[in-house]
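Visitor: This structure is in structure tokens; I'll ask about it shortly.
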Amino acid sequence: MWNVIFMGTPDFAVGSLQALLEAGQYHIQAVVTQPDRPKGRGQKVVETPVKTFALQHGLPVFQPLKVKEPEFVQKLKEWKPDFIVVAAFGQFLTQEILNIPMYGCINVHGSLLPKYRGAAPIQYAIMNGEKETGVTIMRMEKGMDTGAMYSKVTVPIGEEMNFARLHDELKEKGAKLLTDTLPEIAGGLQPEKQDDREATYATLITKEMAKIDWTRPAREVHDRVRGFDPAPGAFTYLPDGKLLKVWETRVAGNSTGAPVGTVVSVSKKEFSVACGEGVLRVLAVQPESKKRMPAAVFLNGHGVKAGDVLGSKE
């Protein structure tokens, strides 16, 4: 049985921790996750998904403000782990920490490295219209996701697949890949260096990035709508200046000649908007201060009409 320290924070990481527990080959010495932080309008302090799962399964949880604190690094050394497994932890590890485990610090990364190094690889794969992505198991080094790679699994991205669905598939496939790969690493598997020339970066997602730019081709807008579902949610503004989140779309037809952002047609179930290239059908939305709803419900409440122009808050 191998000794493992697990470091992770969001729901994506829960899959890997659960797989390690269920495999029966690993002794989880400690679970390290980010400190609890306030969230939402009420700013209620919320524990991380990894912490919730760990406590439910009786695992010891540690939440250092900075994992590089000397007292905590000393604790890591005292545990003498075989592996430190990291999945979307959210803090950089120092070289001192990287040197602690016998078989290294092993990262579960949600892309086919060297593509989409960084914080938001799943969203970027969808936003950029990729046809496939995957998970890479890599040995960590000081650079941002630059370490040598042990194994990969590829996952196709369907044309209508959104971030939520792709996230869950990668979470599951990555967890299995992790538990398949760790024994191979202990058995002497040698990693393959990344080609830095092929590297791309997926920076943190901001709310401003989710604002729909109707001057872009309909295909690009559609990909961004998918990439931002369920968070932060692609949005535009109605003619009265109220915010409208757009949750489900389809690419349809050629350009109409109408100004970008113009509602060019309305039916009982959907409405279509002119883009810089092509037209986008809108099937599900969320008006300001309301819940997500089918476009049919929104239109039944006289949401938009042909000729309305979307996009500007003013």
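The values are calculated or read from the model by the stated rules, or taken from the named source; none is laboratory data. Just so you know, these numbers come straight off a predicted model, no measurement behind them. As a convention, Cβ positions derive from the backbone with ideal geometry for all residues, glycine included, and neighbour counts pool all protein chains shown.
Visitor: Of the numbered conditions (1) under 21 Å from Ile185 (Cα atoms); (2) in contact (Cβ under 8 Å) with a residue 60 or more places away in the chain, Val67 satisfies every one except a single condition; which is it?
Guide: (1)
Visitor: Can you find even one residue in the stretch 162-180 that is farther than 21 Å from Leu204 by Cα and in contact with a Lys or Arg (Cβ under 9 Å, 6 or more places away or on another chain)?
Guide: The answer is yes, given that some residue of the stretch 162-180 is farther than 21 Å from Leu204 by Cα and in contact with a Lys or Arg (Cβ under 9 Å, 6 or more places away or on another chain).
Visitor: So, of the residues in the stretch 291-311 that are in a loop (DSSP other than H, G, I, E, B), within 16 Å of Ala234 (Cβ to Cβ) and not aliphatic (A, V, I, L, M), which turns out to be modelled with the lowest pLDDT?
Guide: Here the answer is Gly311.
Visitor: Only residues that are assigned to a loop (DSSP other than H, G, I, E, B), more than 17 Å from Ala295 (Cα to Cα) and of a type outside the set (A, V, I, L, M, F, W, C): list them for the stretch 244-281, please.
Guide: Here is the first cut: in the stretch 244-281, the residues assigned to a loop (DSSP other than H, G, I, E, B) are 253-261, 267-270, 275-276, 278.
Still in the running and more than 17 Å from Ala295 (Cα to Cα): 253-260, 275-276, 278.
Scanning the stretch 244-281 gives Gly253, Asn254, Ser255, Thr256, Gly257, Pro259, Gly276, Gly278.
Visitor: Give me a count of the residues in the stretch 23-53 that are free of Cβ contacts under 8 Å to residues at least 24 places away in the same chain and surrounded by fewer than 22 Cβ atoms within 10 Å (Cβ to Cβ). Outline the logic, then answer.
Guide: Here is the first cut: in the stretch 23-53, the residues free of Cβ contacts under 8 Å to residues at least 24 places away in the same chain are 24, 37-47, 51-52.
This time we only want the ones that are surrounded by fewer than 22 Cβ atoms within 10 Å (Cβ to Cβ), so: 24, 37-47, 52.
Qualifying residue count, the stretch 23-53: 13.
Visitor: Name the residue that is farthest from Ala199 (Cα to Cα), counting only residues in the stretch 107-121 that are crowded, with 23+ Cβ neighbours inside 10 Å and among the aliphatic types (A, V, I, L, M).
Guide: Restricting to residues being crowded, with 23+ Cβ neighbours inside 10 Å and among the aliphatic types (A, V, I, L, M), the top hit is Val108.
Condition check ((1) hydrophobic (A, V, I, L, M, F, W, C); (2) closer than 25 Å to Arg216 by Cα; (3) not assigned by TED's automatic domain parsing to the domain that holds Arg216) across all residues:
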| site | (1), (2), (3) |
| --- | --- |
| Val264 | yes, yes, no |
| Lys269 | no, yes, no |
| Ala274 | yes, yes, no |
| Glu277 | no, yes, no |
| Ala284 | yes, yes, no |
| Ser289 | no, no, no |
| Ala295 | yes, yes, no |
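Yes or no, residue by residue, for (1) over 19 Å from Pro230 (Cβ atoms); (2) touching a residue at least 40 places away in the same chain (Cβ under 8 Å):
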{"site": "Gly261", "(1), (2)": "yes, yes"}
{"site": "Ser272", "(1), (2)": "yes, no"}
{"site": "Leu283", "(1), (2)": "no, no"}
{"site": "Lys291", "(1), (2)": "no, no"}
{"site": "Lys305", "(1), (2)": "yes, yes"}
{"site": "Gly311", "(1), (2)": "yes, yes"}
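Visitor: In addition: Identify the residue in the stretch 129-154 that is without any contact (Cβ under 8 Å) to a residue 40 or more places away in the chain, part of a strand (DSSP E or B) and not hydrophobic (A, V, I, L, M, F, W, C) and, among all such residues, is surrounded by the most Cβ atoms within 10 Å (Cβ to Cβ). Can you show your working first?
Guide: Going through the stretch 129-154, the residues without any contact (Cβ under 8 Å) to a residue 40 or more places away in the chain turn out to be 130-134, 136, 143, 145, 151, 153.
Narrowing further to those that are part of a strand (DSSP E or B): 132-134, 136, 151, 153.
Adding the requirement that they be not hydrophobic (A, V, I, L, M, F, W, C) leaves 132-134, 136, 151.
Values: Glu132: 10, Thr133: 23, Gly134: 23, Thr136: 26, Ser151: 18.
Per the criteria, the residue is Thr136.
Visitor: Can you tell me which of Gly241, Gly233 is in a loop (DSSP other than H, G, I, E, B) and crowded, with 16+ Cβ neighbours inside 10 Å? Outline the logic, then answer.
Guide: Details: Gly241 fails: crowded, with 16+ Cβ neighbours inside 10 Å.
Among Gly241, Gly233, only Gly233 is in a loop (DSSP other than H, G, I, E, B) and crowded, with 16+ Cβ neighbours inside 10 Å.
Visitor: Give the residues of the stretch 22-45 that are more than 21 Å from Thr94 (Cβ to Cβ) and touching a helix residue (DSSP H, G or I) at 6+ places or on another chain (Cβ under 9 Å), sorted by residue number. Show your work before the answer.
Guide: Restricting attention to the stretch 22-45, the residues satisfying the condition of being more than 21 Å from Thr94 (Cβ to Cβ) are 22-28, 36-45.
Result: Glu22, Ala23, Gln25, Tyr26, Ile28, Asp36.
Visitor: With respect to Gly90, is the statement that it is loosely packed, with under 12 Cβ neighbours inside 10 Å and not polar (S, T, N, Q) true? If you could, list the steps in order and put the result at the bottom.
Guide: Values: loosely packed, with under 12 Cβ neighbours inside 10 Å: no; not polar (S, T, N, Q): yes.
It is false that Gly90 is loosely packed, with under 12 Cβ neighbours inside 10 Å and not polar (S, T, N, Q).
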